[in-house]
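Worksheet for the structure shown next.
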Amino acid sequence: MARVRRGQGELEGQVLGALSEADGPVSAAWVQQRLGDDLAYTTVVTILTRLLAKDVVARERQGRSFLWTPTADVARLAALRMRRLLDGERDREAVLASFVTALPPGDERVLRALLEDAEPGPANTRNTSPADRSGTQC
């Protein structure tokens, strides 16, 4: 039976997720075992090294190998992927506009609230959460 190929970035998310479930620093072999037998050890090490370059994991030497620890969560990794895609586009404004107009209303409200919270100035002095404002028109 043919193996199902993972989507781009999916394996990185799975590796980071496995690290996040660990009680402390773990080896690449631990991650490999956690994710299943269909992954080669070298694949896991490659993914961990890519995550290190993205600054979402840290490593410490133990003997001849490394122990790995997450420094960010899966949401941060997804945000980095989104940023990388955006950085690769010539017309950032058009891409952002298309992204926002394609969002479901609930996601658009959350995004608007997050952007409002990030803006300095008088509009940012309210002490309310995005959920508190989700029913307001933006």
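The values are calculated or read from the model by the stated rules, or taken from the named source; none is laboratory data. The shown structure was predicted, so the numbers you read here are calculated from the model rather than taken from an experiment. Note: ideal-geometry Cβ built from the backbone for every residue, glycine included; neighbour counts use all protein chains shown.
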Filter the stretch 23-38 down to the residues that are in contact (Cβ under 8 Å) with a residue 24 or more places away in the chain and assigned to a loop (DSSP other than H, G, I, E, B), then identify the one that is surrounded by the fewest Cβ atoms within 10 Å (Cβ to Cβ). Gly24
Which is of a type outside the set (D, E, K, R), assigned by TED's automatic domain parsing to the domain that holds Arg84, at pLDDT below 95 and not in a loop (DSSP other than H, G, I, E, B), of Gly13, Gly7? Gly13
Among (1) modelled with pLDDT under 90; (2) under 13 Å from Gly9 (Cα atoms), which single condition is Ala79 missing? (1)
Those residues that are closer than 24 Å to Thr42 by Cα and assigned to a helix (DSSP H, G or I), I need them from the stretch 62-94; list them, please. Val74, Leu77, Ala78, Leu80, Arg81
Residue within the stretch 44-61 that is loosely packed, with under 11 Cβ neighbours inside 10 Å and assigned to a strand (DSSP E or B) present: yes
Does the stretch 60-67 include one or more residues that are under 23 Å from Arg81 (Cα atoms) and either under 19 Å from the mean Cα position of the chain (by Cα) or modelled with pLDDT of 95 or more (or both)? no
Under 6 Å between Cβ atoms, at least 6 apart or on separate chains: pull out the pairs that start in the stretch 94-117 with a residue that is outside the structural domain of Met82 (by TED's automatic domain parsing) and end on any residue that is acidic (Asp, Glu) and modelled with pLDDT under 90. none
Check the stretch 83-104 and report whether any residue there is over 26 Å from Leu115 (Cβ atoms) and in contact with a helix residue (DSSP H, G or I) (Cβ under 8 Å, 6 or more places away or on another chain). no
Residue satisfying all of: in the stretch 100-126; at pLDDT 90 or above and outside any helix (DSSP H, G or I); nearest to Leu86 (Cα to Cα) among these: Leu103
